[in-house]
1. Between Lys2 and Glu43, what FRET efficiency follows from the Cβ-Cβ distance if R0 is 25 Å, with the result rounded to 0.05?
2. Which chymotrypsin sites (Phe, Trp or Tyr not before Pro) from the chain combine a DSSP loop assignment with at most 12 other Cβ atoms within 10 Å?
3. From zero up to wherever the largest Cα-Cα distance of the chain sits, split into 5 Å bins and tell me the percent of pairs in each.
4. How much length would be gained if the chain were fully extended between Ala32 and Lys14, taking 0.36 nm per residue of separation minus their Cα-Cα distance, in nm to one decimal?
5. Report ³J(HN,Hα) in whole Hz for each residue of the stretch 54-64, in order, from the Karplus equation J = 6.51 cos²θ - 1.76 cosθ + 1.60 where θ = phi - 60°; Gly and Pro get x.
6. Show me the ranking of peptides 22-28, 51-57 by mean Cβ neighbours inside 10 Å, starting with the highest.
Amino acid sequence: MKVAFELAPAQAEKLRREAERLGVAPDELACAALSDLLASRDEAFQAAAERVLRKNGALYRRLA
């Protein structure tokens, strides 16, 4: 999927500088950052769901 969006000039400059520091293209850095964000949100949701299920397991069994 191709995604296009506009960054504020200050954000674009920060992205450019960070990409240069890391030795990658700005679009590659943006793609990697978005991939990391999406992956970590999945992991965070999974961890939260497991905590809720453990915490309320007895209640859920009684309600079943």
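1. 0.45
2. Phe5
3. Here the calculated profile for the chain is 3, 14, 15, 15, 11, 8, 8, 7, 7, 6, 4, 1.
4. Values: separation 18, 0.36 × 18 = 6.48 nm, distance 1.53 nm.
Contour length minus the Cα-Cα distance gives 4.9 nm.
5. 5, 5, 10, x, 5, 4, 4, 5, 5, 6, 6
6. Highest to lowest by the protection proxy: 22-28, 51-57.
Taken together, the values in this text are just the output of simple stated rules run on the coordinates, not laboratory data. All figures in this text were calculated on a predicted structure; none of them were measured in a lab. With ideal geometry, Cβ positions are generated from the backbone for all residues, glycine too; neighbour counts draw on all protein chains shown.
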